[in-house]
Amino acid sequence: KAAWGSRYPGVVGLWVQDSGAFLRFYGYPKVLWPYLRSTNLMERFIREVRRGTKVRDHKFPKAEAVYKLLYLESERQEGRWAERKLKGFSEVEEVLEKMLQERYAPRTQTLTHNS
């Protein structure tokens, strides 16, 4: 921001405004960064869904049939993903569990009464 802010104020301003999601990436353990940047798992899933629809020649009687296909393929792929361990995942598993618990733990509210 200091180096480019005076030269390109509009671009730097947009980057600073929309950088929250990008900078959140740096909050994860460094060993997982390559996996967070990769889309290999999603590309594999899409390829398998396409293969499943090609076999059926794109003939689905109802929209629900497509949802069923997606569900069944995701279940099949989940079994394959569970077998694979990401390199370095065991090192940071506890850190990720703690991060998720902090982010998604139910928030409790306390009520105070002034008497």
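The values are calculated or read from the model by the stated rules, or taken from the named source; none is laboratory data. Fair warning: this is a prediction, and the values are worked out from it, not measured in the lab. Note: accessible area is taken over every heavy atom of the protein model, side chains too, but ligands, DNA and RNA are not part of it. Shrake-Rupley method; radii C 1.70, N 1.55, O 1.52, S 1.80 Å.
At 1.4 Å probe size, with the rest of the protein present, what percent of the exposed accessible area of segment 19-76 is carbon and sulfur atoms? Heavy-atom surface of segment 19-76 belonging to carbon and sulfur, 1.4 Å probe: 60 percent.
Cross-link partners for Lys59 among the lysines, with Cα-Cα distance under 17 Å and sequence neighbours closer than 8 places in the same chain left out: Lys68. Of all lysines in the structure, those lying under 30 Å Cα to Cα from Lys98, and not within fewer than 8 positions of it along the same chain, are Lys30, Lys85, Lys87. Val55 exposes around 120 Å² of accessible area when a 1.4 Å probe is run over every protein chain in place.
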